[in-house]
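K.L.:
Would you mind keeping the following structure in view while I ask a few things?
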Amino acid sequence: MSAALQWIVNATPPPGDASPQSFGHPFDIGQLPGSVAQAIWRGSEVAQAGQSVVSSGWTALDAQLPGGGWPCNALTELLQPQPALCEWRLLSPALARLAAGGGHILLVGPPKRPHAPGLVKLGITEKNIVWIAADTPAERLWSTEQLVKANPRGGAILAWLPQARAEQLRRLQVHAQSCDCPVFLFRPETAQLDASPAPLRVLTTLGPDWNLHVHLLKRKGALLDGPIVLSALPGTLASVLTPRLMHPNQLLASQPYLARYQTRAMNPVGRCRADLHPPGRLKSAQIQVD
């Protein structure tokens, strides 16, 4: 008999015992076995994960993730508006740390060919990358399941499964409970309306000024009212951008709205003149040819 079941048997009052001591007394979580106590948390608090985690590399994000990082022994579902948009910028700090320790980053069916020079800039060398070119949904799902079963310690599994169904995800979650590395599944933003067995679901979108907006859709703890804003300027751009381009949103806001409608010379043969009007639609345009 497991420790949790034995505790329940011992803690259950005998039949007919309706004394005040049997019901309504404060519950002491310290009476639970250690494995059971770690799996219980208050709904208003972020759970302290009993399994191991990998730091995300973002202090603000780790503070909101159960256990303080990306979980092992479980699925992590990452949603985004379109594939290959945010995943590398979000995960690169954690993946670089795993790669530095000799771990392999296993890619299943990425939508685009991995760009080796760019990954090296992120701290992930080509010797740490294993790319599985699975084309069909069935091949991607099968490859992901086999990798999760293989339990590649010290690395991470990244699988693009946009068409996975709930029952298929449940099967992966069962296998992931015995996997000692993070398992990331990338799915479209619309999948947030579907049920998922993943204990952690994250929606990542692009924000102004190179920021990432991370929405925690599901976690062991209270939901956040707003996104976590991460300053995620790609490292390869930091050395070439001018100070003004470091904040492109401010640059665009400083431009007059009607600047786009200013009269300009088209070419030596003809020139275009447009009557300027308030924002909306141009009233008329006249073209004069010399």
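FYI, it's all coordinate maths here, none of it is from the lab. Owing to the predicted nature of the structure, the values given are computational and were not obtained by experimental measurement. Ideal geometry is used to build each Cβ from the backbone, glycine not excepted, and the neighbour counts take in all protein chains shown.
K.L.:
Cα-Cα over 32 Å: which of LYS149/LYS220; LYS127/LYS220; LYS121/LYS220? Mind showing how you got there, number by number?
P.N.:
On the way: LYS149/LYS220 25 Å; LYS127/LYS220 35 Å; LYS121/LYS220 34 Å.
Pairs exceeding the cut-off: LYS127/LYS220; LYS121/LYS220.
K.L.:
If you don't mind, another one. Taking H placed 1.01 Å from N in the peptide plane, check which residues at least 5 places from LEU200 or on another chain put their amide H under 5 Å from its amide H.
P.N.:
GLU77
K.L.:
Taking the Cα centre of the stretch 53-238 as the origin and placing charges on Cβ (Lys, Arg +1; Asp, Glu -1), which of THR204, ILE105, PRO93 is farthest toward the positive end of the dipole?
P.N.:
Of THR204, ILE105, PRO93, it is ILE105.
K.L.:
Here's a follow-up. Where the centre of each part is set by its Cα atoms, how far does the stretch 176-243 sit from the stretch 50-127, in angstrom?
P.N.:
10 Å
K.L.:
If you don't mind, another one. Work out how much length ALA100 to VAL130 would gain on full extension: take 0.36 nm times their residue separation and subtract the Cα-Cα distance, in nm to one decimal. Could you put the intermediate results ahead of the total?
P.N.:
Values: separation 30, 0.36 × 30 = 10.80 nm, distance 1.51 nm.
So the chain would gain 9.3 nm between ALA100 and VAL130.
K.L.:
Between the DSSP loop rule and a limit of at most 12 other Cβ atoms within 10 Å, which trypsin sites (Lys or Arg not before Pro) in the stretch 82-129 are left? Let's see the in-between values first.
P.N.:
Numbers: sites: ARG89, ARG97, LYS112, LYS121, LYS127; in loops: LYS112.
Passing both the DSSP loop test and the Cβ count: LYS112.
K.L.:
Moving to a separate point now. Using each residue's phi in the stretch 69-74, evaluate 6.51 cos²θ - 1.76 cosθ + 1.60 at θ = phi - 60° and report the 3J(HN,Hα) Karplus result to the nearest Hz, with x for Gly and Pro.
P.N.:
Per residue, the Karplus-derived 3J(HN,Hα) values read x, 5, x, 9, 6, 6 Hz.
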